[in-house]
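Working notes, structure below.
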C-alpha cells in the first residue's frame, strides 16, 4: 500500500457521488472501511463501501441492512465478491465526485440497476431510444 | 427564437406549481371568499420562489448537480432520508391529485365519468415520461399552459373597478364573515402553493436535463424572472375572476368545473375552450413535474443514473420508480378520493416541510467548493433568503395547528 493521503474522511468522502470509468453514476459512498496499521497505530481508509444494505448498516439498521445485502447476493446480482467493497487503488480522484477506475458493471452498487434493466425496462418497447434529441 | 423557447423550463415549472389541480380551485375559492385581500401572499410567494429557484438553478448549472443530489452529501444521510420520505409522500399526494385533475378536465369535455379516464391519463403521463424528449415536453406543456392567460383576459373584459381591486390588495383586511384563523389558513395554502418543494426539485433537475453550464446563468435568471411571476399573475387572475363573477352570485368554489365558470360567462364558449386547454395543460404539466420528481429525488439520494437525457435503459431504476409512482397515484385516484382535498392537504403539509428543502439550497449556494468564489450568493440574495427561511419556519410551525383549528379552512 502506498502511504496515505490526509483527508477529512467524513467531509471529503462520506455520501459523495461515485462515478465509474465511463462517466456513469454508480451510487454513493455509503460507508468506509477503516484499518489500523499494526506498526504505527494510524487508522487508514482502506476501502469505500457502497451497495445494497451498506447505508442501512451505517444508519444502525443492521438487520435490515444485512437482509438487503443477502437478498442481493442470493439473487446472484453482484459480480463483485467484495459485496460493495471498492479498494482505494480503484479510485482515480476525490472531490465532490469520487472518480473510479473500474466500470460500473463490476460494482455491487450498480447491481440493482442491472436487475431493473434486465427484468423490467428491457421488456418495455422503446427503452433503447435516446430521449434527448 | 432559441432564447424565447429557452424560458419554458421556468414557465412549465411555475404553471405546474402555481396553478395545478389544487391551486386552481384554491385560488378561485380564495377569490370568492376573500376577494383580493390575500393577493399580497401570492406576491410574497413569488419573490420567495424566484430567489430560491434561481439559487437551485445556479447550483445545477455550475456543478451539474441538482438540489437533492447535494442534500445528502452536505447534510448527512439521516437528515437526507427524513427529507426524502417527507418530500416523496407529499409528491405522491400531489401526483394523485393531478392525475385525477387531468381526468376531470377531460371529463368536462367528453362527459365520460372521470374515474374511467384515470387509467388512460396515467398511461398518457407515463408515455410522455418514457418517450418525449425533455425540451419538447417543457415547451409543449409550457406553451399550452399559457392558455390560462384567458383568465387575465376575462378580468380585463369585465372592466372592474381597478381602484377597488387595488385597494383590497394593498390594504388587506379579514372579511367580516371570516375569522383570522381561516384567513391565516388560506394565506398559508397560497404561500405553500407558490413555494412547493417539487418546483425546485424539478427546476434544478431540468437545468441538468437541458445541459445548462456556467454560460447559461443568464438563461437561469430569465427562466425564474419570467416563469414564476407569470405563474403568480395567473393565480391572481383566477382569484380576481372568482371575486368579480362568483362572489356576487354567492357561488362558492369546491370543484374544478366552477373555476372556469367566470370565463364561460364573460368570454363565451371559445374562452371556455381555451381555459379548459389551459387547465388540462397545467394539471398534466404538474403530473409530469411530480412523477419525474419522484424519480429524481430517489435517484439523487442513492446516486443512481437518472433523467430523460439518458436512454431509459441507462437509467433503469429511475424509470422503475417513476412508473411505480404513476401506478400508485392511479390506484389511489381511482378510489374516488376528492382530488381538491388531496392537494389541499399536500400543499399544507408541504408548507410544514418547506424548511427541509430550502435550507440545504441556501447552504450549498454559499459553499465556494461547489460554486467557486465567483458564483456564491451575494449578500443581497443571502439577506432575502434568510428572511424567507424565517418566514418558512414560522409557517411550518403554524401550519398543522391552523389546519386543526379551522378544520382545513371550512
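Each value in this text was obtained by applying a stated rule to the coordinates, not by laboratory testing. Everything numeric here is computed off the predicted structure, so don't read it as measured data. Virtual Cβ from ideal backbone geometry, glycine too; neighbours counted across all protein chains shown.
Here are the numbers:
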| read-out | value |
| --- | --- |
| Value of relative contact order over the stretch B:51-116, rounded to a whole percent, pairs C-alpha under 8 Å and six or more apart | 14 percent |
| For residues of A:16-22, the mean tally of beta carbons on other chains within 10 Å | 2 |
| Fraction of alpha-carbon pairs over 24 Å apart in the stretch B:1-113 - percent | 47 percent |
| Cα-based helix-to-principal-axis angle, B:21-34 vs chain B, degrees rounded to 10 | 40 degrees |
| Residues B:361, B:112, B:226, sorted so that the one with the fewest Cβ neighbours within 10 Å comes first | B:112, B:226, B:361 |
| Tilt relative to chain B, helix B:8-18 - C-alpha long axis, 0 to 90 degrees, to 10 | 50 degrees |
| Per-bin percent of Cα-Cα distances, the stretch B:294-392 [10 Å] | 13, 25, 32, 24, 6, 0 |
| Ranked B:114, B:296, criterion: other C-beta atoms within 10 Å, fewest first | B:114, B:296 |
| Degrees separating the helix B:316-334 axis from the principal Cα axis of chain B, which is the longest one | 20 degrees |
| Kirkwood hydrodynamic radius (C-alpha pairs) into Stokes-Einstein, the stretch B:141-237, 4 °C and 1.567 mPa s, D in µm²/s | 79 µm²/s |
| Sorted by Cβ density within 10 Å, fewest first, the residues B:269, B:341, A:28 | B:269, B:341, A:28 |
| Shielding score for A:29-36, defined as the mean number of other chain Cβ atoms within 10 Å | 1 |
| Shielding score for A:109-119, defined as the mean number of other chain Cβ atoms within 10 Å | 4 |
| Packing-based order for B:234-246, B:147-159, using average beta carbon neighbours within 10 Å, highest first | B:234-246, B:147-159 |
| For the protein assembly as shown, alpha-carbon Rg relative to the globular expectation (2.2 N^0.38 Å, N residues) | 1.01 |
| Along principal axes, Cα extents of chain B, largest first, whole Å | 58, 46, 46 |
